[in-house]
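S.K.: One structure coming up, written as structure tokens, with questions to follow.
The values are calculated or read from the model by the stated rules, or taken from the named source; none is laboratory data. What you see is a predicted model; the values in this text were computed from it and never measured. Cβ: placed from backbone, ideal geometry, glycine included. Neighbour counts: every protein chain shown. Side chains included, ligands, DNA and RNA excluded: accessible areas come from the protein's heavy atoms. Shrake-Rupley method; radii C 1.70, N 1.55, O 1.52, S 1.80 Å.
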Amino acid sequence: MAAHQEKKPSEERNRKSTQNGTRTSQVQWGRAWEVDWFSLASILFLLMFAPLIVYYFIMSCDQYQCCLIDPVIDLLTGNKYLSDIWNKTPALTYRAAGIYTLWVTFQVFLYVYIPDFCHKFLPGYVGGVQEGAVTPAGVVNKYEINGLQAWIITHVLWFANAYYFHCFSPTIIFDNWIPLLWCANILGYAVSTFAMIKGYFFPTNAKDCKFTGNFFYDYMMGIEFNPRIGKWFDFKLFFNGRPGIVAWTLINLSYAAKQQELYGQVTNSMILVNVLQGIYVLDFFWNEAWYLKTIDICHDHFGWYLGWGDCVWLPYLYTLQGLYLVYHPVQLGTANAIGILMLGLIGYYVFRMTNHHKDLFRRTNGNCKIWGKKPEYIECSYMSVDGTKYHSKLMTSGFWGWARHFNYTGDLMGSLAYCLTCGFDHILPYFYIVYMTILLTHRCIRDEHRCLSKYGKDWKRYTSAVPYRLIPGIF
């Protein structure tokens, strides 16, 4: 459910066909083949409660001014019943359905039918047709990388409407926020269900499917590794990057427009949220080709976790700070605003440079300089399920020598900065940093479990050289 990703530590993969002694592990890629009781309990909990969590947060802002405790107090004291809260919740409307259908259709059009042209005139940007990582079946998929282009076109049209055409109000997203929630849920469940049916009856590549025999686990975590329709429509890349992340900055802009409408000004805290989260979104699209090597694309199968998560969880819970500031405008003091800005920018710098160093190391096969010195690394090897042997180099220099997932540390610094813009009157805006801490810690553990299975004793050598996961000297 997250746009924040970690690039895999296996960076330089020199393919050598072999059938010799390296064992083949079926858990090197993707999710589990078998389901333990804890995993099943976690899956059932998320399936039942994740949609309710999203509804509860959004309802709390709509009916209780973003106070998370008051709804519970009302219910426990008998002041209100669940039916009272539900009856006050805006229902699905034809207007919202039309807006959402047009939005998704437009993003599909930009994704499938408009080849990337940004890479032709933006120095350093990698777009157009790019190759992804090798799949468990040995397939190397090709992708049309055009997310930055889609983001630019979408936002140019948004601002052109706001300042010139006036076809709709810039507050349109906020004004239809809960009806749009129902639309997002419909799409999230529809695409997840379709992906499961497709995995059973007409998979893109049957060798890249995993079946546990447990319906709930397969529905949640997915069956197909890379479900596709036609040559270019890749479910994972589209739903991870579009429409949720393209919408992220539009949602924040709509919040700012609503603040202007209600109070006659946009506070500096709202500006900080738009700027800091906007930097992250633009970074995502600028490095979309790099994203092809992240956990979501390289390891996760496409199921409810990604389908519903990217349609609902991401746009609704990653934008809570802007939503909160509509109800509780905060004008920060100059020192506080500068401090939060610096925390966010330093976090972004750590996040970006950590990933840049890894990418540079991979592209040059270690023939580069990290912090002015030739990088140190540990050589590893592993074998895919088709018997092909691969060699990797795990870097232990720079930020990657400080911690095995130090890019996540920068990510968490940025996440905390988003939350701090909202002050300390309510806990709702701080859900994001709590969630990201849990999510990224879990990703660390999940990723390292895969790497241990994949690299064996080589991974143990790596963890001895870099003993900490996130915070040097602590964890």
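S.K.: Quick one: accessible area per residue over the chain, 1.4 Å probe, rounded to a whole number of Å²?
M.R.: Value returned for the chain: 43 Å² of accessible area per residue.
S.K.: Compute the acute angle (0 to 90°) between the alpha-carbon long axis of helix 147-160 and the principal axis of greatest extent of the alpha-carbon atoms of the chain; round to the nearest 10°.
M.R.: For 147-160 against the chain, the angle is about 20 degrees.
S.K.: Shifting gears a bit: Enter the accessible area of Ser169 (Å², nearest 10), with the probe set to 1.4 Å and all protein chains included.
M.R.: The value for Ser169 is about 50 Å².
S.K.: Looking at the stretch 410-467, which chymotrypsin sites (Phe, Trp or Tyr not before Pro) are in a loop (DSSP not H, G, I, E or B) and have at most 16 other Cβ atoms within 10 Å?
M.R.: Phe424
S.K.: Which angle between 0 and 90 degrees, to the nearest 10, do you get for helix 94-113 versus the longest principal axis of the chain when only C-alpha atoms count?
M.R.: Helix 94-113 sits roughly 30 degrees off the main axis of the chain.
S.K.: Can you tell me how the stretch 111-202 classifies by the Cα gyration tensor, rounded, prolate or oblate, using a/c under 1.5 as the rounded cut?
M.R.: oblate
S.K.: Further, regarding this structure: Which entry is the computed Rg/Rh (Cα atoms, Kirkwood Rh) for this structure: [x] 1.01; [y] 0.96; [z] 0.98?
M.R.: Derived directly from the coordinates: [y].
S.K.: For the chain, take the longest principal axis of its alpha carbons; what is the angle in degrees between that and the long axis of helix 244-263, to the nearest 10 within 0 to 90?
M.R.: Here the helix axis deviates by roughly 20 degrees.
S.K.: Right, something else. Answer rounded, prolate or oblate for the stretch 334-474, using the Cα gyration tensor with square roots of eigenvalues a ≥ b ≥ c: rounded when a/c is under 1.5, else prolate when a/b is larger than b/c, else oblate.
M.R.: prolate
S.K.: Heavy atoms only, probe 1.4 Å: what % of the accessible area of the chain goes to carbon and sulfur, would you let me know?
M.R.: 66
S.K.: Do any chymotrypsin sites (Phe, Trp or Tyr not before Pro) in the stretch 243-304 lie in a loop, going by DSSP, with at most 13 other beta-carbon atoms within 10 Å of their beta carbon, and if so which?
M.R.: none
S.K.: Which pairs break 26 Å Cα to Cα here: Lys120/Lys293; Lys207/Lys236; Lys358/Lys460; Lys207/Lys293; Lys369/Lys393; Lys236/Lys460?
M.R.: Listed pairs above 26 Å: Lys236/Lys460.
S.K.: Could I ask something else about it? Using DSSP loop states and a limit of at most 10 other Cβ atoms within 10 Å to flag trypsin sites (Lys or Arg not before Pro), what is the longest stretch of the chain containing no flagged site?
M.R.: 232-475
S.K.: Expressed as a whole percent, how much of the Cα-Cα distance distribution for the stretch 127-174 exceeds 17 Å?
M.R.: Of all Cα-Cα distances in the stretch 127-174, 57 percent exceed 17 Å.
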